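Input: a single structure, listed below in structure tokens.
Laboratory data are not the source of any read-out in this text; all were calculated from the coordinates shown. Computed from a predicted model, the values in this text were never measured in an experiment. For neighbour counting, all protein chains shown are included, and Cβ atoms are generated from backbone atoms with ideal geometry for every residue, glycine included.
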Ligand SMILES: C[S@@+](CC[C@H](N)C(=O)[O-])C[C@H]1O[C@@H](n2cnc3c(N)ncnc32)[C@H](O)[C@@H]1O
């Protein structure tokens, strides 16, 4: 197992970057909107194998992209390098999960995530900021695991009030403050370490720049939702990646791909998603015929009441949204079946695209690591928990050099 301190961030980023750029034709096209991605047809035997997978095998590979990569490497040998390129050390430490009696109102999964993050970060600086802290579940976990005092920043007043009550009730040295962390006038609390668990896109990036600017000695981030950004496309943080930018520019859709993972979604939710996805694809076939244009037409999120309805109802709603007139008696049964077959094909083609989620995620986090190195920090990067607990399980932990 690699040790977090031995991680050669720059070499890994370069190797990943070259690999991702070379394999762009496999991950850029979106099968949902482009029924036949340009790469299809190049490896007919591979496509035949994909098409012949039964639904059980597809579901298995959806949950185990590493295994799928091994299989697919028989036709696409470059995929054989994926495993080495995404290998990172496991960062762990003494069990720090909050005892159940102290974990009131804390969802079970969050309790374990916070405990695993605290374990990987021990020992802490004497005072810590929990950035975008919600009700302060992580903050209370850190306090119980030895952080002297924890200041939580959160913009939702109800969460702040509730979090302060929970902290008071459990006697934790935690104070939450209502704060928009993106506000230019943010005043950094008197703390030496900034920590963020699952603060989305711009929010975790803001912690890195704010922490660097305020001269804190340690920044520890578990990023998520990279696509939640005000920028139209991804803006790298490091000089290193900016210098090479252009080779691998990421749109917001590419960033969304990184987090399109549902390892933790319950079965009922997954079945519902498959059904809705097949309806959307069925309507896509219908609208292409009606408009006489072989082109995807984006449809907004549908009202949840339609989930309980049928395909015909979905099509009527979608057609109205887009100002399309349906024929007097559309062959809904035909288009519903069309949607089901396209959905089956999309799931198989997406297996290929989804192989690039983790490599892209690591590519993004390595940019953060390079940025922190450029600012004088030594970085540790690894996983803080199993993927089944949360797929967003990369932890970047950076110490200002000379201060450890
Ligand atoms: C995904 S939750 C994570 C909460 C907590 N860190 C955890 O792991 O339980 C993100 C939190 O960020 C808060 N948030 C979103 N935008 C914010 C902003 N501009 N300033 C402060 N908090 C914000 C949300 O209200 C939410 O509580």
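Remind me, relative contact order of the chain in percent, using alpha carbon pairs under 8 angstrom and six or more residues apart?
Reported as a whole number, the value is 21 percent.
Computed over the Cα atoms, what is the radius of gyration of the chain divided by 2.2 N^0.38 Å, N being its residue count? Provide the component values of the computation, followed by the final result.
Values: Rg = 23.3 Å, N = 404, 2.2 N^0.38 = 21.5 Å.
That ratio works out to 1.08.
Please give the helix 201-214 orientation as an angle from the longest Cα principal axis of the chain, in degrees from 0 to 90, rounded to the nearest 10.
20 degrees
Return one number: the angle in degrees, 0 to 90 and rounded to the nearest 10, between the long axis of the Cα atoms of helix 267-291 and the longest principal axis of the Cα atoms of the chain.
Taking the Cα atoms of the chain, the angle to 267-291 is about 50 degrees.
Kindly put 399, 245, 137 in sequence by how many other C-beta atoms sit within 10 Å of each C-beta, fewest to most. Provide the component values of the computation, followed by the final result.
Details: 399 19, 245 16, 137 24.
By the 10 Å Cβ count, ascending, the order reads 245, 399, 137.
What nm value, rounded to one decimal, do you get for the distance between residue 22 and residue 64 when each label is placed 7 Å out toward the C-beta?
2.7 nm
Please determine, in degrees from 0 to 90 and to the nearest 10, the orientation of helix 311-321 with respect to the longest principal axis defined by the Cα atoms of the chain, where the helix direction is its Cα long axis.
On a 0 to 90 degree scale, this one is about 80.
Diagonalise the Cα gyration tensor of segment 254-344 and give the resulting equivalent ellipsoid semi-axes, square root of 5 times each eigenvalue, largest first, whole Å.
Calculated on Cα positions only, the semi-axes equal 24, 15, 13 Å.
Sort 150, 212 by Cβ crowding within 10 Å, fewest neighbours at the top. Spell out each step's value before the answer.
Details: 150 29, 212 20.
Neighbour counts put them in this order, fewest first: 212, 150.
Taking the highest mean first, how do the peptides 267-273, 37-43 order by number of other beta carbon atoms within 10 angstrom per residue? Don't skip to the end; give the middle numbers.
Values: 267-273: 10.7, 37-43: 14.9.
The densest-packed peptide leads the list: 37-43, 267-273.
Under the rule a/c < 1.5 gives rounded, and otherwise a/b versus b/c splits prolate from oblate, where does segment 50-125 land using the Cα gyration tensor?
It is oblate, given that a/c is not under 1.5 and a/b is not larger than b/c.
Looking at the chain, send over the antiparallel percent of its DSSP beta bridges, to the nearest 5. Intermediate values should be presented prior to the final figure.
Working: 12 of 33 bridges.
Close to 35 percent.
Determine the distance separating the Cα centre of segment 284-340 from the Cα centre of segment 22-53; give it in Å without decimals.
25 Å
Please rank 322, 110, 135, fewest neighbouring Cβ atoms within 10 Å first, as an exposure proxy.
322, 110, 135
Would you mind calculating the relative contact order of segment 98-253 from Cα pairs under 8 angstrom and at least 6 residues apart, reporting the percent as a whole number?
About 19 percent, as a whole number.
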